[in-house]
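Just below is one structure, and these are the notes that go with it.
The values are calculated or read from the model by the stated rules, or taken from the named source; none is laboratory data. Being a predicted model, the structure only gives us computed values, none of them experimental. For neighbour counting, all protein chains shown are included, and Cβ atoms are generated from backbone atoms with ideal geometry for every residue, glycine included. Note: areas computed on protein heavy atoms with side chains; ligands, DNA, RNA excluded. Shrake-Rupley method; radii C 1.70, N 1.55, O 1.52, S 1.80 Å.
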Amino acid sequence: MSDTALSESATAVPSTPSTAPTIVARGVTKSYGKTRALRGVDLRLEHGEILGLVGHNGAGKSTLMRMLAGIEQPDDGAVDARERRAGAAWNADSAAASGVRMVYQELALCDDLTVAENAALSDPRPTGLWGWRGRAEQRIGTALDTVFPGHGISVLRRTGELAMAERQMVEIARALCTDALSMLILDEPTESLGVDATAQLYAHLRTLTRRGVSVLLISHRMQEVLANSDRIAVMKDGTVVETFAAAATSESELLVAMGGEVRAAGADVTAPRAADLTAERGAIVATVRAASGISFEARAGELIGLAGLAGQGQEQLLNKLWGAGALSRGVTVPRRRAYVPGDRQTSGILPLWSVAENLTISAMRGISRLGIINGRAKRELAAEWIGALKVRGDAATPITALSGGNQQKVLVARAFAADAQMVLLDDPFRGVDVATKNELYALMKAEAAAGRCIVWYSTENSEMAHCDRVYVFRANRLVSELSGESNTEERIIADSFDENTGDQR
Ligand SMILES: Nc1ncnc2c1ncn2[C@@H]1O[C@H](COP(=O)(O)OP(=O)(O)OP(=O)(O)O)[C@@H](O)[C@H]1O
């Protein structure tokens, strides 16, 4: 295939289109030790449709996706695909040969390789000994241009240097570098994408389905799933419990089918263990002086939001607050701080440790005496937080055996279980289900009310309504400070783009 044909190949369809379902799962079961991840799943993905797949954290969505992509085999039941060669077993090779591609929730890129090298690694087409690098550069560049026009990503950069949103774009684009794509499986593809890139992705998915490609879209963003799917399957405790026509259902109907207990945001939540705080409520506990624009100031008892388009300086501010020492110039911070990273894979979980060890590592001061850790206090603290955040998995489970959303809950619990006066959150609720998010909003408010200072960066502007005050960033500067009636989504969006905001102050 010529390189110039790549954009066509990124959206190419099998040579013998048919309207038979693209893939069918029948009675699929899967257990990991004592955990029954899938309990007899039946699912059909029709030719040229977008099927949304929703369910609470740990419902079995990612496990099902791995079965459909042939990466793991069911203990019982079967997966059958339209493009499967007669007699061939359904495994990763036959799935790839049938044009099935996956976009992972945990970004599966090698940080030390360039964008093009990463794309070459996963491209099933023969690369040839000579000129493979140039071909890979052109293929991934074209795929990026096709799906995300104006992306601004150099294919020669190491992926470790890219922002989360850019890495996600690369992950999506490289899945499209394939001939005869028949099925695309996307696991929470928009959690770290901005508004524009999200719209570009959905527009491209529609182009694909018009050409007969089928899409399985896993997401916790109910409005997106409703707006972009043809049908929506709901998973609960390892089975598909209901399937809806997207146009004929609603968010609340989906949530009821998921079985999640939906607590209204702002409802009372009692943190398992009250923090031992020293700052008086209302006292200034942190400041960052700005050379230009607005200075940052945080008080005990405040829930402060950091908003604006992704990558405008929010993470640098969090890093300053997290890394500051007594000698840092222009920055004052409380002594005890906790940090929840946005990228759990690179800077969050300790993969060789259990849930309890991951959860309590920052709370050592409270559960040790004379340097000796009180094992019982550790187990109790872990059990309390596992219960409070409904983590699906017990204390002794290896952290990597939890679903992605449940790992994220453990990281949030780690920060709040510590006796930190200031908790810093770097867009940490990616992949967390709707019901749990509402619990977490309430938890943060309760913790702030108890006197902690919480600084929360979120890429979801609607979440900023939970904050007492919001700082909006643009071009690495604080351009506005919103509170009360001025803290609206419209104002955040306006200030994120308005070149004049901030310059007038
Ligand atoms: N490799 C594994 N080892 C042990 N348990 C596992 C493994 N993979 C998944 N599980 C368990 O299977 C269940 C389903 O997990 P899965 O990742 O499929 O859920 P999910 O619906 O994708 O959740 P999330 O929305 O959090 O991503 C969970 O209880 C999880 O702990």
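Tabulated data for the structure shown
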| item | result |
| --- | --- |
| Within-10-Å neighbourhood charge of residue 70 [Cβ basis; K, R +1; D, E -1] | 0 |
| Cleavage-rule hits (GluC sites (Glu not before Pro)) in region 398-505: DSSP loop, at most 13 neighbouring Cβ within 10 angstrom | 499 |
| Accessible surface, region 26-71, averaged per residue in Å² (probe 1.4 Å) | 36 |
| Computed over region 285-327, Kirkwood Rh from alpha-carbon pairs, angstrom | 11.6 |
| In Hz, Karplus ³J(HN,Hα) per residue of region 188-200 (6.51, -1.76, 1.60; θ = phi - 60°; x = Gly, Pro) | 6, x, 10, 4, 10, 8, x, 4, 5, 5, 5, 5, 4 |
| Spacing of the two label points (7 Å from each Cα toward its C-beta) at residue 34 and residue 88, in nm | 4.0 |
| Net charge dipole size for region 371-504 [Lys, Arg +1 and Asp, Glu -1 on Cβ; Debye, nearest 20] | 840 |
| Long-range amide H partners of residue 476 with built H, under 5 Å | 313 |
| Cα gyration tensor, region 132-193 - rounded (a/c under 1.5), prolate or oblate | oblate |
| Separation between Cα centres of region 39-86 and region 458-494, rounded to whole Å | 40 |
| DSSP-loop GluC sites (Glu not before Pro) across region 211-262, with at most 14 other Cβ within 10 angstrom | 261 |
| Cα-based equivalent ellipsoid of region 3-258: semi-axis lengths in Å, sorted from largest, via gyration tensor | 29, 21, 18 |
| Between region 378-393 and region 131-148, the alpha-carbon center distance in angstrom | 46 |
| P(r) tail fraction, region 48-191 - alpha-carbon pairs more than 26 Å apart, % | 29 |
